[in-house]
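The values are calculated or read from the model by the stated rules, or taken from the named source; none is laboratory data. Keep in mind it's a predicted model, so treat the numbers as computed, not measured. Every residue, glycine as well, gets a Cβ built from its backbone with ideal geometry; the counts of neighbours run over all protein chains shown. Remember, those area values only see protein heavy atoms, side chains included, never the ligands or the DNA or RNA. Shrake-Rupley method; radii C 1.70, N 1.55, O 1.52, S 1.80 Å.
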Amino acid sequence: MDSLSGQIAIGKQDGLIVVDMQEDFMDGGSLEVTGSRGLINGINGLVRLFLQKGGSLVFTRDWHPENHCSFKQEGGKWPVHCVAGSKGASFAKGLLVPEGAIKVSKATQPDEEAYSAFSQTPLLELLNSKGVKRLFVVGVATEFCVLETVLDAIRLGFEVVVIVDCINPVNGKNGDRALKRMKEAGAFMTESRQLR
Ligand code: VGL
Ligand code: ZN
């Protein structure tokens, strides 16, 4: 891959995974990841770039049943969020989601938490069928779904690049720790302005 201190040319073997940019995770949402609305413009710029260069686009969404085990009322740690089909589960207002992009719904089973976009989804097969080799990851939350998606992608053999100005943590310290774990696992870090 290109030197990561420099520019990166996007091509047909590249994929952009936009993780869980949904209303419930945005400012004002039921599980708000403060500042996440501020990511939308930058992510839209990347979506346009990948369209232009013929890369693949993936949008993941947390897509829980009403009684999901991660909800407080069921003994989990989270407020109710991203209930399948609800307004809060819809993609963030203003997010560019082109027709033809791959959409992956995850954590759809009541009794299982699933932070990774590869967990019980067809994502791997879809990426392989499109010939994707290198994955760029953006979205929320850094220390949950971004982290687990990145670690799985590396295990599955993808080259993985995290775009650090296009992700956002629930908790800053935990976000920093997650970044460290991703680097140690072999992820590269870059900024959106480096992509061409
Ligand atoms: C997420 C908490 C609960 C995430 C999903 O998308 O990172 N975080 N469910
Ligand atoms: Zn969730």
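For this structure, a couple of remarks:
- Two-site FRET efficiency, Glu159 against Ala84, from Cβ-Cβ distance with R₀ of 45 Å, rounded to 0.05: 0.90
- Axial C-alpha extent at least 15 Å, average Kyte-Doolittle at least 0.5 - helices from the chain (DSSP): 40-53
- The distance between label points at Lys93 and Met189 comes to 3.3 nm (points 7 Å beyond Cα on the Cα→Cβ vector).
- Under 5 Å from the amide H of Ile167 lie the amide H atoms of Gly139, each residue being 5 or more positions distant or on a separate chain, with H modelled from the backbone and absent for Pro and chain starts.
- Size of electric dipole in region 105-190: Cβ of Lys, Arg +1 and of Asp, Glu -1, about Cα centre, debye, nearest 20: 340
- Percent accessible area from carbon and sulfur atoms, the chain, protein chains only, probe 1.4 Å: 47
- Whole-number accessible area per residue in Å² for the chain, which is evaluated in the context of all protein chains at 1.4 Å: 45
- Between the beta carbons of Arg196 and Asp176, assuming R0 = 30 Å, the FRET efficiency works out to 0.60 to the nearest 0.05.
- The HN-Hα couplings worked out from phi for region 160-167 by the Karplus form 6.51 cos²θ - 1.76 cosθ + 1.60 (θ = phi - 60°) are 10, 10, 9, 9, 5, 8, 10, 10 Hz, whole numbers, x standing for Gly and Pro.
- In this calculation the C-beta distance from Leu51 to Asp111 is compared with R0 = 30 Å, giving a FRET efficiency of 0.20.
- Relative contact order of the chain, pairs being alpha-carbon contacts under 8 Å that are 6 or more residues apart, as %: 26
- The lysines within cross-link reach of Lys77, meaning a Cα-to-Cα straight distance under 20 Å and a gap of 8 or more places when in the same chain, are Lys106, Lys173.
- The order of the peptides 151-164, 64-77 by mean Cβ neighbours within 10 Å, most packed first, is 151-164, 64-77.
- Annotation: amide H of Val161 within the under-5 Å range of Leu135, Phe136, Val137, Phe188, sequence separation 5 or more or interchain, hydrogens built in the peptide plane.
- The phi torsions of region 126-138, fed into the Karplus equation with coefficients 6.51, -1.76 and 1.60 and a -60° offset, translate into couplings of 4, 5, 4, 5, 9, x, 6, 10, 10, 10, 9, 10, 9 Hz, rounded to whole numbers, with Gly and Pro shown as x.
- For the chain, Kirkwood radius (reciprocal of mean inverse C-alpha pair distance, Å): 16.6
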